[in-house]
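Sending over a structure as structure tokens; questions will come in a sec.
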Amino acid sequence: MAAAESYPDGLQYHSEHDWARIEGDEATLGITWFAQDALGELVHYEPPEEGAEISKGTTYGEVESVKAVSDVIAPLSGVILEVNAKVVDEPETVNEDPYGEGWLVRIRLGDASEADDLMDAAAYKSFVAEQ
Amino acid sequence: MQTLLRTPLYERHVSLGARMVPFAGWEMPVQYEGVIPEHRAVREDCGVFDVSHMGEIEVEGPHASDLLQSLLSNDVDKLEIGEAQYTLLTNEQGGIVDDLIVYRLEGGRYLLIVNASNRDADYDWIRERERPGSDVRNVSDRYALLAVQGPRSLERLGIDDAPAFTFAMGEIDGIEVMINRTGYTGEKGVELMVMNEDAGALWDAVLERGATPAGLGARDTLRLEVCYPLHGNDIGPETDAISAGLGWVCALETDFTGAEELRRIKADGPARKLVAFVMQDPGIPRQGMAIAEGGEVTSGSHSPMLDKGIGMGYVATEHADPGATLTIDVRGRERRAEIVKKPIYKKEGA
């Protein structure tokens with residue numbers, strides 16, 4: 001079952017519909033409810049390699065539904081520590097739980113100050129409302 | 001700016017929460033609940049598609065059958081009244097102007113149900129070749145068409161079974177319909193042709209009987225799993241019927257447009273063939289992706305039944321045998337696929 005629309009507090013959001021949960025010098029990244037809803041049920045996740053460097057605002061993976069493929073944009077720069085293997089096996093996990101089980105990668109942050117220009121939940125909600 | 005056309009069921013799609021997209025000049029539902037549940041509903045139970053965007057052309061007159069025999073690849077003379085036939089409208093090169101189903105309504109009266117994107121081109125093509133004693137009419141704007149497909153479709157509609165590629169007039173919940181034993185999903189089912197003004201009532205009745213509304217997204221994955229070609233993707237004016245694997249709908253002993261060229265291709269053997277494949281590596285093939293062994297993907301998607309990427313494409317005949325490996329360029333990544341015998345998906349026990 002697809003999750004109900006939500007944009008949790010405590011996450012930081014990028015305008016390309018990605019979220020980041022920052023914990024110390026690491027962060028967990030994923031796509032927002034809005035992004036998964038626009039795509040429909042995901043059937044493929046093309047993850048980055050562990051150890052790869054990703055940089056803010058550029059593509060680090062792809063998610064794909066039956067009808068469409070979408071680049072996943074990094075909200076922050078860093079090095080990939082872990083890819084969510086559950087999403088590789090069962091991409092629909094992202095639809096079911098986009099902020100929990102459906103996370104995409106964990107990274108070691110490259111530049112913590114990059115988080116300053118991400119949106120909080122309230123700002124992202126109003127951003128989405130304008131889409 | 002061109003305005004998109006809408007079928008008589010447009011408001012019903014919107015009120016069901018469908019995602020509407022432009023398709024062949026029409027604003028059509030691509031999905032309601034989701035492509036995968038809709039696909040499964042058709043494979044396991046019963047789904048209903050609004051395919052009213054498809055075109056209907058009537059050809060009537062003492063020379064109607066001669067005209068059609070000269071333009072269509074299959075043998076029209078084999079049709080009895082009440083029978084239908086899958087066939088191709090071909091050009092001089094043996095290319096496919098359109099693929100369609102011809103229905104023999106009366107002795108000298110035929111109905112052609114054609115692809116939405118080609119309905120005007122088909123009509124013009126046939127009109128230009130019209131001859132005295134045959135009258136060609138584009139009646140597309142009068143009719144709506146609902147495809148009700150799936151193993152439980154007849155039971156849900158309360159109608160008896162009948163042989164594939166036959167049709168009869170009938171009634172569903174008091175609505176007069178032409179019941180065609182045809183479809184584009186590989187499942188048992190019917191296509192119901194109805195006057196535009198009755199389309200809403202028929203749609204409501206079919207939903208009331210438990211059919212799941214299904215959109216163009218599921219229609220595409222269903223037809224691809226059973227390797228039905230899509231005109232504009234897998235076949236077109238530049239691709240010939242023999243290379244496309246549609247020799248079985250070409251009565252090469254008859255004299256239709258392009259028959260001579262098709263006989264030559266068949267005798268020489270086609271240089272390339274339309275093959276079906278299943279991805280062995282992760283990734284979903286998409287139309288236009290290059291195949292390293294030559295050619296490109298003409299249709300590609302995710303198979304909900306196999307839970308793998310699947311597709312079709314033209315490859316050189318020497319690489320076209322089932323079991324052979326293809327290498328597909330999935331956005332810069334080399335991914336392996338295996339050519340399989342058509343259809344890609346076969347029902348268990350079937």
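Whose amide H sits under 5 Å from the amide H of residue A:61, counting only residues 5 or more places off or on another chain, with H placed in the peptide plane?
A:72
Follow-up. Taking all pairs of different Cα atoms in segment A:80-131, averaging 1/r and flipping that mean, what Kirkwood radius in angstroms comes out?
Final number for the Kirkwood radius of segment A:80-131 is 13.1 Å.
Let me ask something additional. On alpha carbon coordinates alone, what is the Rg over Rh value for chain A, Rh being the Kirkwood radius?
Ratio of gyration radius to Kirkwood radius: 0.93.
Residues with beta-carbon under 12 Å from that of residue B:121, excluding residue B:121: net charge, scoring Lys, Arg +1 and Asp, Glu -1?
Computed value for this residue: -3.
Further, regarding this structure: Would you mind checking which residues have amide H under 5 Å from residue A:76's amide H? H placed 1.01 Å from N; only 5 or more apart, or other chain.
Amide H neighbours of residue A:76, under 5 Å, 5+ apart: A:57.
Something else about it: Could you point to the residue in B:211, B:87, B:133 farthest towards the positive end of chain B's charge dipole, with +1 and -1 charges on the Cβ of Lys/Arg and Asp/Glu respectively?
The one lying farthest along the dipole's positive direction is B:211.
Hey, what D do you get for segment B:271-344 in µm²/s if you plug the Kirkwood alpha-carbon radius into Stokes-Einstein at 25 °C and 0.890 mPa s?
For the chosen part, D equals 212 µm²/s.
Further question on the same structure: Test of understanding: in a Gaussian network model of chain B with alpha carbons linked when under 10 Å, which of B:154, B:88, B:16 would top the mean-square fluctuation ranking?
B:16
If you don't mind, there's one more thing I want to ask. Using the Kirkwood radius over C-alpha pairs as Rh, can you work out the diffusion coefficient of the protein assembly as shown via Stokes-Einstein at 25 °C, viscosity 0.890 mPa s, in µm² per second?
Rounded to a whole number, D works out at 100 µm²/s.
In Å and on Cα atoms, what radius of gyration and Dmax does segment B:183-243 show?
15.2, 44
Expressed as a rounded percentage, what relative contact order does segment B:271-344 have, with Cα pairs under 8 Å and six or more residues apart?
Computed value for segment B:271-344: 40 percent relative contact order.
From the Cα trace of chain B, what convex hull volume per residue do you get, rounded to a whole Å³?
143 Å³
Output needed for segment B:39-183: three equivalent-ellipsoid semi-axes, defined as square roots of 5 times the C-alpha gyration tensor eigenvalues, in descending order, whole Å.
Calculated on Cα positions only, the semi-axes equal 28, 16, 14 Å.
Based on Cα positions only, what radius of gyration and what Dmax would you give for segment B:1-76, in angstroms?
17.7, 48
Counting other beta carbons within 10 Å of each residue's own, what order do B:308, A:125, B:78 fall into, fewest first?
B:78, A:125, B:308
Continuing with this model, one more query. Counting Lys and Arg as +1 and Asp and Glu as -1, what is the net charge of the other residues whose Cβ lies under 10 Å from the Cβ of residue A:102?
-4
How high is the relative contact order of chain B, given as a whole-number percent (alpha carbon pairs under 8 Å, six or more residues apart)?
Relative contact order here is 18 percent.
If you don't mind, there's one more thing I want to ask. Using the Cβ atoms and a cut-off under 12 Å, what net charge is assigned to the surroundings of residue B:274, where Lys and Arg are +1 and Asp and Glu are -1?
That works out to 0.
We did not get these values from a lab; they are worked out from the coordinates using the rules stated. The structure presented is a predicted model; accordingly, all values stated were derived computationally and were not measured. In this analysis, Cβ positions are derived from the backbone assuming ideal geometry, glycine residues included, and neighbour counts consider all displayed protein chains.
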